[in-house]
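Structure record follows, encoded as structure tokens.
Taken together, the values in this text are just the output of simple stated rules run on the coordinates, not laboratory data. What you are looking at is a predicted structure, and each value in this text was computed from that prediction instead of being measured. FYI the Cβ positions are ideal-geometry reconstructions off the backbone, even for glycines, and counts take in every protein chain you see.
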């Protein structure tokens, strides 16, 4: 089953040549050195000046030419996956649906947007449908209500519930029904509030857009720009709903790793079905709560020191979570993405699981040594540390821009400690899953 593959794909099949505790100390030392170096030499916000970047005529032309092709291919894949889940074999190991939804769509895209920008706006079948409705004057431009922004974090939690908790979450038929329900809800929102509503109401549009702000490629109107990585996070002020979406996804990745650890299996025991789902739901909620609480404690410390409102500081400093989400995603899912992307290619020859061999690849088998497993283990472990160092950089840049020089470094003491905890936790989950 694809969820079994997801579980076994966590962490790495390779080994680091040093024990976990040594790597954790090395990672912590790297964070400390970064923090001290920033405090000594980075006294004014620098990322803001690098945010706009430079326009790339070549990339702008490529996007203009390829956008209709990408939209058509993505829409075709969406319909194929939807139909395969309804009419194909209801077996996650044979049907194209689960591997596409849980690996290609969720994992691979999360990694890609961190490098190539908000490609979801082009690939989104929902945006393509909204574009067609807009051209036929079937949408309204009513004012978007504030409460509708909260559909994004609710959608994120529901997706994680089906991926990590629900006993039948890998059922192709079940997933296709979920796709239909979600699509109908989004299309209804587009009809009421217009195409732009997707940028606040579509869970995946929100999440991918937030991650894309760390990318070296971004779009300004119809022009594609190149900029320094992370600079897009320099002036962002996330809404409460966007911050909640980040917390939920980060907590979900954390629980996904912890839920595959020996400690969790010893704690839960031999449970199955909905009994196991109830315990896992408790674990998911707790993981989200712990991740959120640690961040809010650091923000409360900043508020007490600077006299600013905690709610405002949450929105100002939430962008530092973006590279951490990237680091966690890379650490826990890179091996999975490499292995199961091969499954996706093979199953394109037999999307319905009916024994077809349309492109001659349905008999293919995963090459688990496509890349050196030990090298991948290094990339995953270093990804956790680099993600947290990037978070420290973003936090410091925001601090020197928001606070007087005397308070800027001191305001980050607790936040830095939280970064260390996040980093060590990420490494532990990576190497013990």
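Mind checking the full-extension length gain between residue 29 and residue 290? Use 0.36 nm per residue of separation minus the Cα-Cα distance, one decimal, nm. Show your work: numbers first, answer last.
Numbers: separation 261, 0.36 × 261 = 93.96 nm, distance 2.39 nm.
91.6 nm is the gain from fully extending residue 29 to residue 290.
Indicate the gyration tensor shape class of the chain (rounded, prolate or oblate), computed on the Cα atoms with a ≥ b ≥ c the square roots of the eigenvalues: a/c under 1.5 is rounded; otherwise a/b larger than b/c is prolate and the rest oblate.
Values: a/c = 1.59, a/b = 1.21, b/c = 1.31.
Verdict is oblate for the chain.
Could you list the residues of segment 42-73 with an amide nitrogen less than 14 Å from a label point located 7 Å from the Cα of residue 235 in the Cα-to-C-beta direction?
Only 45-54 pass the distance filter.
For the chain, what's the relative contact order in percent, using C-alpha pairs closer than 8 Å and at least 6 residues apart?
29
Counting just the Cα atoms, what span does segment 260-365 cover along each of its three principal axes? Round to the nearest Å and put the largest first.
66, 34, 22
With the Cα gyration tensor of segment 38-192 giving a ≥ b ≥ c as the square roots of its eigenvalues, does the rule (a/c under 1.5 for rounded; else a/b larger than b/c for prolate; else oblate) give rounded, prolate or oblate? All intermediate terms of the calculation are to be shown ahead of the outcome.
Details: a/c = 1.64, a/b = 1.44, b/c = 1.13.
It is prolate, given that a/c is not under 1.5 and a/b is the larger ratio.
For the chain, with a Gaussian network of springs between Cα atoms less than 10 Å apart, report the residue from 377, 152, 272 with the top mean-square fluctuation.
Of 377, 152, 272, the most mobile in the Gaussian network model is 272.
For segment 215-257, take the convex hull of the Cα atoms, compute a quarter of its surface area, and give me that in nm², please.
Values: hull surface 17.1 nm².
Orientation-averaged projected area of the Cα hull: 4.3 nm².
What's the center-to-center distance, using Cα atoms, between segment 232-306 and segment 187-204 in Å?
Taking the Cα centre of each part, segment 232-306 and segment 187-204 sit 27 Å apart.
Please give the peptides 278-289, 207-218, 95-106 ranked by average Cβ packing (other Cβ atoms within 10 Å per residue), highest first, as a rough proxy for protection.
Numbers: 278-289: 17.3, 207-218: 22.5, 95-106: 24.8.
Top to bottom by mean Cβ count within 10 Å: 95-106, 207-218, 278-289.
Do the sum for the chain: with -39,500 (n - 2.57) for every DSSP H run of n ≥ 4, divided by all residues, what is the mean residue ellipticity at 222 nm, to the nearest 500 deg cm²/dmol?
Working: 20 runs with 289 residues, N = 433.
Estimated from H runs of four or more residues: -21500 deg cm²/dmol.
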